[in-house]
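S.K.: Pasting in a structure now, in structure tokens, and then I'll have a few things to ask.
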Amino acid sequence: MKYSLPEEFHVFGFARDLLEWYDSQKRDLPWRINRDPYRVWVSEIMLQQTRVETVKPYYMNFMEKFPTVRALAEAPEEDVLKAWEGLGYYSRVRNLQAAAREVQARYGGVVPDKPEEIRTLKGIGPYTAGAILSIAYEKPEPAVDGNVMRVFSRLLYLTDDIAKPAARIKIEQLVRQVIPEGRAGDFNQALMELGAMVCTPRSPHCLTCPVFDYCLARREGVQEELPNKGKAKPPRPVDLQVAVLLRDRQVLIHKRPEQGLLAGMWVFPMAEGDAWGEADQKELLAQGLLAQFGVEAEVLHSLGEVQHTFSHLQWNMRVWLCDWIDGQELPPSARFVSIEQLDEYTFPVAHHKIRPLLPRT
Ligand code: SF4
């Protein structure tokens, strides 16, 4: 199956801004001093399941002892294991040495630059192959690990279960479509850097994120709920009554709190609760407007129904035209604006879907 990037995702601007950030902010790491494929390979194997700070001294020591494929291939296994001691997951280093021996024997000590060859080496999976091919050889290959799956799930608002192999295949396809020509290695490293430094598993630092403007999950305020790591329950349905409340040809909107779902975004007023018939729904909305905004309003008639699904919730929204009767001063988070002015406010997609139902003023 062929997956395409969402239309609203700006590929060019995203890649440009990400690389600009990476060029100016990238960490000075010992494996970045050059693009020697062997050096890249060793660093990628060491970094599996191990933090960067822990890896640094091990990496420098290992490269000093075994500076080339040949040195590693010819070293006694005890020496290699000794240099790895403390890093754990020893099968990694055993596979690394076995693969170095194969590279020495079959390719004359030169790490292969063809995907079909490099992938046959022991311990080199799709991620490591992509990292070596792109960083050392500038091949436009994706390097998708858990970090990149998290970043892409958020950037493109993907709700696929990342524990399933199909999600990795999909994300690899999508990353491939974003890799800029001639900068595959930097681009893959920039994505990894973004995942490590900014788009962290818990509490991503969206306000300082270099690709804030392009991020579709952030736009919806659901970035902290992604990636979907399986065991997902179906989205919980929530019935909402939404008010298009008019006063002097202006409509009431308000800004959501800075925390929680759709934080800081502008929306039309909503009331949540069980209401079975039209009369109950109208009553619920009128009470909600009074309680939240101190506004007395007449709920006139329904303008239509709109549905929006988040990863964990499904909003079933019934939209009502309402007429202002009376009211106190609005809370600071709320205001009346003309329908033309709505474009100046950031609305989530869930409420963008309501805009076509608005009456012409
Ligand atoms: S805006 Fe936030 S969620 Fe989106 S990529 Fe940046 S840090 Fe991650």
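The values are calculated or read from the model by the stated rules, or taken from the named source; none is laboratory data. Quick caveat, the model's predicted, so the values are computed rather than measured. Every residue, glycine among them, receives a Cβ derived from its backbone with ideal geometry; neighbour counts consider all protein chains shown. Protein only, heavy atoms only, side chains kept; ligands, DNA and RNA dropped before computing areas. Shrake-Rupley method; radii C 1.70, N 1.55, O 1.52, S 1.80 Å.
S.K.: Specify the residue that is farthest from Val69 (Cα to Cα); the eligible residues are those in the range 102-145 that are of a type in the set (S, T, N, Q) and surrounded by fewer than 21 Cβ atoms within 10 Å (Cβ to Cβ).
M.R.: The selected residue is Thr120.
S.K.: Could you tell me whether the range 66-82 includes any residue that is open to solvent by 60 Å² or more (accessible area, probe 1.4 Å) and under 20 Å from Gly125 (Cα atoms)?
M.R.: No: the range 66-82 contains no residue that is open to solvent by 60 Å² or more (accessible area, probe 1.4 Å) and under 20 Å from Gly125 (Cα atoms).
S.K.: Could I ask something else about it? Restricting the search to the range 212-221, which residues are more than 10 Å from the chain's Cα centre (by Cα) and of a type in the set (A, V, I, L, M, F, W, C)?
M.R.: Listed by number, the list holds a single entry, Phe212.
S.K.: Of (1) open to solvent by 30 Å² or more (accessible area, probe 1.4 Å); (2) under 30 Å from Asp161 (Cα atoms); (3) at pLDDT 95 or above; (4) not aromatic (Phe, Trp, Tyr), His312 satisfies all except one. Which?
M.R.: (3)
S.K.: Sticking with this one: Got a sec? Which helices (runs of 4 or more DSSP H) wholly within the range 143-232 have at least 2 residues that are more than 15 Å from the ligand (Cβ to nearest atom) and either touching a residue at least 40 places away in the same chain (Cβ under 8 Å) or assigned by TED's automatic domain parsing to the domain that holds Asn34 (or both)?
M.R.: Correct list: 165-178, 184-197.
S.K.: Any residue that is in a strand (DSSP E or B), surrounded by 13 or more Cβ atoms within 10 Å (Cβ to Cβ) and either within 30 Å of the chain's Cα centre (by Cα) or modelled with pLDDT under 90 (or both) - is there at least one of those in the range 296-306?
M.R.: Yes - at least one qualifying residue is present in the range 296-306.
S.K.: Kindly list the number of the only condition in (1) surrounded by 15 or more Cβ atoms within 10 Å (Cβ to Cβ); (2) of a type in the set (Lys, Arg); (3) within 13 Å of the chain's Cα centre (by Cα) that fails for Arg202.
M.R.: Every listed condition holds for Arg202 apart from (1).
S.K.: How do the helices (runs of 4 or more DSSP H) wholly within the range 57-138 filter down when requiring 1 or more residues that are among the aromatic types (Phe, Trp, Tyr) and within 30 Å of Arg176 (Cα to Cα): which remain?
M.R.: 91-107, 126-137
S.K.: Something else now. Given the conditions (1) closer than 25 Å to Glu7 by Cα; (2) in contact with a Gly (Cβ under 8 Å, 6 or more places away or on another chain); (3) surrounded by fewer than 21 Cβ atoms within 10 Å (Cβ to Cβ), report the number of the one that Arg92 does not fulfil.
M.R.: Unmet for Arg92, out of (1) closer than 25 Å to Glu7 by Cα; (2) in contact with a Gly (Cβ under 8 Å, 6 or more places away or on another chain); (3) surrounded by fewer than 21 Cβ atoms within 10 Å (Cβ to Cβ): (1).
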